[in-house]
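*Asks:* The structure that follows is given in the form of structure tokens.
The values are calculated or read from the model by the stated rules, or taken from the named source; none is laboratory data. Only a predicted model underlies this, so the values are computations on that prediction, with no experimental measurement involved. Counting neighbours? That spans all protein chains shown, and the Cβs are built from the backbone with ideal geometry, glycine included. These accessible areas exclude ligands, DNA and RNA; they are computed on the full protein's heavy atoms, side chains included. Shrake-Rupley method; radii C 1.70, N 1.55, O 1.52, S 1.80 Å.
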Amino acid sequence: MAAINSVTDLSLDGDIAVLTVNSPPVNALSAAVRDGIKEGMEKAGADPNAKAIVLICDGRTFIAGADITEFGKPPSGASLPATQAAIENAPKPVIAAIHGTALGGGFEIALMAHYRVAVPSAKVGLPEIKLGLIPGAGGTIRLPRLVGVEKALDMITSGTQIGAKEAQASGIIDEIVEEGKLREGALAFARKVIAEKRPLKKIRDQNAKIEAARGRSEIFDNFRKANARKFRGFEAPEQAIKSVENAVNMPFDEAMKTERQMFLDLLKTNQSAAQRYVFFAERQVTKIPDVPDDTPTIPIKRVGVIGAGTMGGGISMNFLSAGIPVTIVEMKQDALDRGMKVMRGNYENTAKKGRMTQGDVETRMGLLSGTLELEKLADCDLVIEAVFENMDIKKDIFRKLDGIVKQGAILATNTSYLNVDEIASVTKRPEFVIGLHFFSPANVMRLLEIVRGDKTSKSVIATCMQLARKIGKIGVLVGVCHGFVGNRMLAQRQREAQKLILEGAMPWDVDRVLYDFGMPMGPFAMSDLAGLDIGWSKQTSSSSTIREILCEMDRRGQKTGAGFYDYDENRRAKPSPVVEKIILDFAQKKGVNRRKISDDEILERCIYPMINEGAKILEEGKAIRASDIDIVWINGYGWPVYRGGPMFYGETIGLDKVLAKMKEFEGKMGDDFKPSPLLAKLAGEGKGFKDAKVGAG
Ligand code: 3H9
């Protein structure tokens with residue numbers, strides 16, 4: 001083998017040139033990889049002893065895309081278009097040999113080859129949309145030529161990967177070769193191409209599938225309509241659709257040029273910066289400075305869950321779906337029966353939608369056993385308590401669990417606010433106690449706040465982080481404080497929302513502003529959905545807040561057909577004249593002079609105090625890094641990924657501007673807006689949250 005450079009080799013296997021890329025971890029298309037491919041193609045093309053060229057990768061995957069870390073930096077090395085041209089214009093057949101994932105620019109490289117072979121486990125896709133981008137090297141122009149417009153639109157705007165078999169059926173892969181024998185299979189295929197004198201097939205010349213869509217703009221309009229909800233707020237999907245439309249209607253080279261320009265324009269957007277940041281944030285969040293990757297973990301073979309309500313049931317389903325047996329405990333038989341019935345019902349609904357088989361439902365339910373006795377949890381490796389949010393009840397349960405559950409097992413609480421250290425203190429094994437805060441609905445929401453107590457052992461932390469991944473969650477390590485990261489910040493927004501409706505806004509104004517910002521719903525719609533009577537009691541209610549007044553009137557949210565909004569029979573919300581009057585009367589009684597409140601003020605009042613609270617959380621070391629806080633908000637509260645999370649958003653606005661606004665509000669409205677010293681320091685130094693040196697949870 002002759003090295004072309006540090007990451008590419010060219011060798012001859014009989015009469016076939018083999019160009020190998022080896023650039024761990026994922027063979028991303030860095031400058032060196034582009035240089036190596038271009039030079040290798042040119043050399044192999046000119047070599048009279050080579051009759052065909054196989055492009056293959058070492059390591060775990062074919063090229064997984066452009067090197068995202070290079071984005072925004074000055075260009076160096078061979079350009080991607082020049083590298084691609086070297087493949088397509090090679091004077092002999094080029095065969096791309098795919099294993100792992102050929103993604104983004106990597107897939108676009110494979111689409112330059114005259115033929116493609118893959119092992120059965122290989123996948124291909126164009127995930128650029130997830131980075132706020134569209135493919136910038138021909139993906140939107142070439143893919144429709146292979147698979148047709150509808151499938152291309154679907155793949156490009158969803159970013160999903162498809163397997164080798166599907167790729168072969170849709171015309172992307174020419175041949176599937178034996179697993180583990182990619183090189184041999186690709187060489188054999190190359191020899192067949194030579195022997196049969198097959199042509200140098202260029203996708204740019206294949207027009208049949210796009211001609212079928214020419215002049216049929218309704219294909220694109222229907223696609224837009226069908227996906228409007230999914231694309232709400234995102235800039236890239238519309239560009240992707242336009243580019244596929246260009247592929248159909250423009251000459252090839254013009255469509256390519258336009259695609260490239262659209263890609264470059266998107267690269268400069270805040271949305272793409274945010275989504276690229278989130279890509280790396282999701283990978284950072286698993287790294288805990290003082291808990292190294294090789295920390296021993298505790299095998300979790302059986303899980304116990306206490307409480308078969310909405311939360312306990314949802315939590316259990318995660319483990320059942322991952323094939324881990326669960327014992328669920330309730331106090332009363334009817335509550336237990338009800339809880340287990342709901343779980344079965346949820347699985348059956350999924351089966352009805354065709355997303356699992358009836359057999360899958362039975363397998364999962366077969367792993368579940370219900371009991372009224374805590375003693376049945378003795379053999380569990382992990383027990384999660386999901387009962388009513390009351391410190392005395394929780395302490396009582398943990399005291400009992402400590403005596404029942406085997407030594408070495410983890411005792412976890414799903415509390416959303418309470419002090420995990422206080423709960424741990426009633427046991428003789430505080431190092432085995434941890435918070436596992438699931439988000440409702442617990443079988444759906446991706447976030448898991450993993451709450452590290454003062455004494456929680458590293459092994460328990462490592463186990464829970466690993467377990468989160470196993471059950472399809474994104475685990476974020478946080479420290480003990482009231483409401484942890486997510487709810488502690490949420491409280492800031494809720495407080496301001498309540499104040500705003502007294503001062504002059506209406507609930508639907510606040511909700512509209514936050515919805516337009518990109519949240520799935522505003523705080524009042526959220527309260528109506530959750531139920532206004534959570535934590536409310538008729539006996540102690542004294543009409544002292546608007547929420548109390550609504551509950552007293554039996555306007556307890558969607559479930560009673562009325563809350564902050566009125567609901568019709570289809571649960572569609574309408575602004576309520578009754579609520580409007582209640583608010584106006586209440587404000588008058590309190591002597592509040594209502595004023596017109598701008599949309600900007602609503603947004604700043606709701607969001608800036610959250611950013612400020614995030615800064616306090618960092619300062620106190622309750623989160624490891626700002627990006628962890630952003631991951632909490634994106635995955636637990638539906639913060640729009642294209643705004644990168646509250647901390648990233650604060651940096652997009654400018655920490656100096658956030659600080660100035662907080663000071664202005666503090667002057668007018670007092671301590672709720674007192675800037676955190678960290679925010680003030682970073683803003684003063686012109687730095688961002690990523691520069692903050694903070695603790696480890
Ligand atoms: C693009 O291609 C644009 C083009 O259309 C044309 C432009 C003109 N760059 O995820 P993992 C790192 S846009 C740089 O943990 P897995 C990652 O940060 C790109 N680095 O492994 C991590 O680093 P660390 C389109 C990258 O096995 C390490 O590799 N492509 C890149 O679970 C391992 O990653 C994509 O969007 C990259 N492109 O999953 C594909 N990719 O160890 C993005 C990964 O320091 N990548 N890294 O934390 C993926 O989806 C997954 O990484 C992959 C492997 C499925 C490949």
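*Asks:* Under the rule a/c < 1.5 gives rounded, and otherwise a/b versus b/c splits prolate from oblate, where does the stretch 382-435 land using the Cα gyration tensor?
*Replies:* Here the stretch 382-435 falls in the prolate category.
*Asks:* Any idea what the dipole of the chain comes to, in debye rounded to 20, about its Cα centre with Lys/Arg Cβ at +1 and Asp/Glu Cβ at -1? Intermediate values should be presented prior to the final figure.
*Replies:* Values: 96 positive and 89 negative charges, 110 e Å.
For the chain, the charge dipole is close to 520 debye.
*Asks:* Counting only heavy atoms of protein chains, what accessible area per residue, in Å², does the stretch 568-679 have with a probe of 1.4 Å?
*Replies:* Details: 4980 Å² over 112 residues.
Solvent-accessible surface per residue comes out at 44 Å².
*Asks:* Now for a separate question. If you place +1 on the Cβ of every Lys and Arg, -1 on the Cβ of every Asp and Glu, and leave all else neutral, what size is the dipole of the stretch 193-327 about its Cα centre, to the nearest 20 Debye?
*Replies:* With only Lys, Arg, Asp and Glu charged at Cβ, the dipole is about 320 debye.
*Asks:* Another question about this same structure. Consider all pairwise Cα distances in the stretch 629-668 and report the whole-number % of them above 16 Å.
*Replies:* 43
*Asks:* Would you mind calculating the gained length between D599 and D290 on full extension (0.36 nm times residue separation, minus the Cα-Cα distance), in nm to one decimal?
*Replies:* On the way: separation 309, 0.36 × 309 = 111.24 nm, distance 4.37 nm.
Result for the pair: 106.9 nm of gain on full extension.
*Asks:* Here's something else I'd like to know. Given R₀ = 60 Å, what would the calculated FRET efficiency be for N22 paired with K589, taking r from the Cβ atoms and rounding to 0.05?
*Replies:* 0.20
*Asks:* What FRET efficiency, computed as 1/(1 + (r/R0)^6) with R0 = 30 Å and r the Cβ-Cβ distance, is obtained for R399 and S544, rounded to the nearest 0.05?
*Replies:* Here the calculated transfer efficiency is 0.25.
*Asks:* For the stretch 342-381, I need the span (max minus min coordinate) of the C-alpha atoms along each principal axis, in Å, sorted largest to smallest.
*Replies:* Rounded to whole Å, the extents work out to 38, 17, 13 Å.
*Asks:* Once label points are set 7 Å from the Cα along Cα→Cβ at both Q466 and R446, what is their separation, rounded to one decimal in nm?
*Replies:* 2.3
*Asks:* Follow-up question, since we're still on this one. Say a paramagnetic label sat at a point 7 Å from the Cα of F279, along Cα to Cβ; which residues of the stretch 105-146 have their backbone N under 17 Å from it?
*Replies:* 105-110, 124-140
*Asks:* For the stretch 2-267, count the residues as N, evaluate 2.2 N^0.38 Å, and divide the Cα radius of gyration by that value, please.
*Replies:* Ratio of Cα Rg to 2.2 N^0.38 Å: 0.96.
*Asks:* Here is a follow-up. Please label the shape of the stretch 303-482 as rounded, prolate or oblate, based on the square roots a ≥ b ≥ c of the eigenvalues of the alpha-carbon gyration tensor (a/c under 1.5 means rounded; beyond that, a/b larger than b/c means prolate, else oblate).
*Replies:* Judged from the Cα gyration tensor, the stretch 303-482 comes out prolate (a/c at least 1.5, a/b above b/c).
*Asks:* Another question about this same structure. What ranking of S369, S542 comes out by heavy-atom accessible area, probe 1.4 Å, highest first?
*Replies:* S542, S369
*Asks:* In what sequence, highest mean first, do 51-60, 68-77, 268-277 appear when ranked by Cβ atoms within 10 angstrom?
*Replies:* Averaged packing, sorted descending, gives the order 51-60, 268-277, 68-77.
*Asks:* What translational diffusion coefficient, in µm²/s and rounded to a whole number, does the Stokes-Einstein relation yield for the stretch 263-355 at 4 °C and a viscosity of 1.567 mPa s, taking the hydrodynamic radius as the Kirkwood radius over Cα pairs?
*Replies:* 76
*Asks:* Let me ask something else about it. For a label point 7 Å from the Cα of L200 along Cα→C-beta, name the residues of the stretch 87-116 whose backbone N is under 20 Å from it.
*Replies:* Within reach of a label on L200, which here means backbone N under 20 Å from a point 7 Å along Cα→Cβ, the stretch 87-116 contributes 87-97, 108-116.
*Asks:* For the stretch 288-380, with every protein chain kept in place, what is the accessible area per residue (1.4 Å probe, Å²)? Please list the in-between numbers first.
*Replies:* Details: 4810 Å² over 93 residues.
With all protein chains present, the stretch 288-380 gives 52 Å² per residue.
*Asks:* Just grab the label-to-label distance for A228 and D566, each label 7 Å out from Cα along the Cβ direction, in nm (one decimal).
*Replies:* 2.5
*Asks:* Follow-up. In Å, the Kirkwood hydrodynamic radius of the chain over pairs of distinct alpha carbons?
*Replies:* By the Kirkwood definition, the hydrodynamic radius is 28.4 Å.
*Asks:* Under 14 Å from a point placed 7 Å out from the Cα of S121 along the Cα-to-Cβ direction: which residues of the stretch 51-68 have their backbone N that close?
*Replies:* Those under the cut-off are 59-62.
*Asks:* On to the next question. I need the calculated FRET efficiency for the pair K663 and K376, taking r as the beta carbon distance and R₀ as 60 Å, to the nearest 0.05. Could you put the intermediate results ahead of the total?
*Replies:* On the way: r = 57 Å, r/R0 = 0.95.
Efficiency, rounded to the nearest 0.05: 0.55.
*Asks:* Determine the share of the chain's accessible area contributed by carbon and sulfur atoms, expressed in whole percent, with a 1.4 angstrom probe. Present the calculation step by step, with values, prior to reporting the outcome.
*Replies:* On the way: 15640 of 29780 Å².
Taking all protein chains in place, the chain shows 53 percent carbon and sulfur surface.
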